[in-house]
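*Asks:* Before anything else, here's the structure in question.
Values in this text are rule-based calculations from the coordinates and carry no lab data. As the structure is a computational prediction, the values presented were derived from the model and not from experiment. When we count neighbours, we look across all protein chains shown, and the Cβ atoms used for this are built from the backbone with ideal geometry, even at glycine.
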Amino acid sequence: MLFRKRENIASFSDSKLITRFQETGNNIYVGELYKRYMHLVFGVSLKYLKSEETAKDMAMQVFEKLLYKLTDQTVDNFKSWLHVLTKNECLMQLRKEKSRGEQNKVELNGQDFMENEPVMHLNGEEALEEDLSKLEVCIGKLKNEQETCIRLFYLEKKSYQEIELITGFELKKVKSHVQNGRRNLKICVESLREQEA
């Protein structure tokens, strides 16, 4: 799409950049958003992953994720939303690393990571990784509010009240997003299993 006049996108608000991206599909708007918050994404990634190289890789992964997540989602507070997205991506990566590691107690960054996470009843490591990858695909398909609440509730072990504080959703909305998200995840994972059967 050709611009009628040269736009000064650096002066656009976050929400205007998102709207423009959704209207035009032009990655330049997401690029501007990313430029504004790259330090935030890198900082959060470094905090969780403890390695500059891995944090840089994660920063690129988050940018790629933005390109399809922002296509049709309404985001009221981009900075907060991006922080949660980055944190969740880091936790998912750590979880994958744990599933590939020893079956015994695994220590990540000096502390047990998700030691209390319920173990899925699957045979062998390959099956576990396969199931986790299905789960990750399905989580990515959830509506933004459901995805955020599901990740906070199950991956970060937050209570309904904590999620209410983090997201700003009403308590009954948090419960609804978790319940509906869980139902949709179950349907999606079962559907993927049937497709493979």
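*Asks:* Got a sec to turn the phi values of the range 77-88 into Karplus ³J(HN,Hα) couplings, 6.51 cos²θ - 1.76 cosθ + 1.60 with θ = phi - 60°, whole Hz, x for Gly and Pro?
*Replies:* Ordered by residue, 3J(HN,Hα) equals 10, 4, 4, 5, 4, 5, 4, 5, 4, 4, 4, 5 Hz.
*Asks:* Over all alpha-carbon pairs of the range 1-102, lay out the pair-distance distribution in 10 Å bins, whole %, shortest bin first.
*Replies:* 15, 44, 27, 11, 3, 0
*Asks:* Net charge near K16: determine it from the other residues with C-beta under 11 Å of the C-beta of K16, scoring Lys and Arg +1 and Asp and Glu -1.
*Replies:* Computed value for this residue: -3.
*Asks:* How large is ³J(HN,Hα), in whole Hz, for each residue of the range 38-46 in order, when computed from phi with the Karplus curve 6.51 cos²θ - 1.76 cosθ + 1.60 and θ = phi - 60°, using x for Gly and Pro?
*Replies:* Karplus values, whole Hz, x for Gly and Pro: 4, 5, 5, 4, 5, x, 5, 4, 5.
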